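To keep things clear, I will list the structure first and then write my remarks on it.
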């Protein structure tokens, strides 16, 4: 957790404090970007953008919100923008994305990690469901914290999360039935 | 209580959101309904797998990589403050403003210096630019460096330290596939990073394509010489020129073990199922490969 005193100092114009603060949050920013974008390069780009935005906007952070939900709001917004832009520029449909994942069967077979299957399955979820799952499991956020980060009503957060888990569960069952992993 | 309602309870149950009464309601139902009982098992399994997803970390410091940009923003904000001499707390200027070149000479000098660094890296690694299709580690950091001096006036006040940091980032990302022609600059950068500079240049000539393939296989972290333990706690990373390796605790990024430089190139990093032993190979300059292992608990490297 980032110390409130550090945030205060950064907001007051202490540049060193601000850089220290960015260092403290860079891993959590990257982790969200990585699981939302499912690609290391895109995640690095998005994390850079997010940290620069935090650097310039630190003055607009208000204490009534939790700092980490504020940070996650910035990074998820950037990722969702990126995700949409990418999608529209290549204009691939959802089902084709599933196909694209299938192209990597070779590398998939070689990978021993069940986690990789899950990561891919997360990548197939609609963007809001994906975001909710990432905040819940990669940031350990509560329903309320997710709602604050995404500016969504609590009930919507729950229904996204519940539906996401149902979808994941079905996707992962398909994997096992498909026997691609042997 | 029907199955649909129980589904909601089960979902909240895995999030630890049920009170005692709701829990017993759910349990009563699943005790009689095998479908819901099976669903509950699946949900719990899924949830615990999601909890165990690896806490991936960036392969270089992202803050270091944006330092020049932050430096520039800082100077712009300061200039702004002086020019408008009223609003001290003005928020920093927009990132891509076209500022008049008041410190033209200094800015030109800064740009030239950054350009030279970019050029060195560019031409030192020609192979990587051609093979960038693999989404490997090499192309990760490079474009931002090349773009920085081009799209904006680099600041004349950019401190020497931050440009050094920037360079070591680049080498962190690109070093492992470095070509022989880059051996000199690679080593000096390695020196700056505190990694044994006496790297044997011949070991650098590993075929780039191979490492590209490895990077696909290794999955999450994509860096070619990196392996995460199955429990998600540790990451083994082969260092500069792949003659040393480190074990990093993923949770907080701390290095818990750094190997001595080995007589050859480290590869095939792989953990055992219980995340207690790291297996790897060492290939010497003659291409002879030996199998090694590192015992995490004993902090001991040995041949196997």
In the range B:20-39, residues that are surrounded by fewer than 11 Cβ atoms within 10 Å (Cβ to Cβ) and out of contact with any helix residue (DSSP H, G or I) (no Cβ under 9 Å at 6 or more places or on another chain) total 4
inquiry  = Please determine whether any residue of the range A:88-109 is modelled with pLDDT of 75 or more and either in the same structural domain as residue A:169 (by TED's automatic domain parsing) or within 19 Å of residue A:160 (Cα to Cα) (or both).
reply    = no
Given the conditions (1) surrounded by fewer than 20 Cβ atoms within 10 Å (Cβ to Cβ); (2) within 22 Å of residue A:165 (Cβ to Cβ), every one holds for residue B:74 apart from (2)
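Given the structure, is residue A:112 at pLDDT below 95 and within 14 Å of chain B (Cβ to nearest Cβ)?
When the stated conditions are applied, residue A:112 passes them.
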**Asked** Can you find even one residue in the range B:20-41 that is within 14 Å of another protein chain (Cβ to nearest Cβ) and either in a loop (DSSP other than H, G, I, E, B) or at positive phi (or both)?
**Response** no
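I'm checking my understanding of the structure. Among residues of the range B:2-19 that are surrounded by 15 or more Cβ atoms within 10 Å (Cβ to Cβ) and not in a helix (DSSP H, G or I), which one is farthest from the chain's Cα centre (by Cα)?
Here the answer is B:18.
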Considering every residue within the range B:264-281, establish whether at least one is farther than 17 Å from residue B:228 by Cα and touching a residue at least 24 places away in the same chain (Cβ under 8 Å). yes
### residue A:117 vs. criteria in contact with a helix residue (DSSP H, G or I) (Cβ under 9 Å, 6 or more places away or on another chain) and either at pLDDT 90 or above or buried (at least 18 other Cβ atoms within 10 Å of the Cβ) (or both)
yes
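This table checks each residue for (1) surrounded by 18 or more Cβ atoms within 10 Å (Cβ to Cβ); (2) assigned to a helix (DSSP H, G or I); (3) more than 10 Å from chain B (Cβ to nearest Cβ); (4) without any contact (Cβ under 8 Å) to a residue 40 or more places away in the chain.
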| residue | (1), (2), (3), (4) |
| --- | --- |
| A:31 | yes, yes, no, no |
| A:42 | yes, yes, no, no |
| A:62 | no, no, yes, yes |
| A:71 | yes, yes, yes, no |
Yes or no: residue B:53 modelled with pLDDT of 75 or more, buried (at least 18 other Cβ atoms within 10 Å of the Cβ), within 14 Å of chain A (Cβ to nearest Cβ) and outside any helix (DSSP H, G or I)?
yes
The correct count of residues that are within 20 Å of the chain's Cα centre (by Cα) and either at pLDDT below 95 or not in a helix (DSSP H, G or I) (or both) in the range A:12-29 is 0
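The values are calculated or read from the model by the stated rules, or taken from the named source; none is laboratory data. None of the values given here were measured: they were computed from a predicted structure. Using ideal geometry, Cβ is built from the backbone for each residue, glycine included, and neighbour counts are taken over all protein chains shown.
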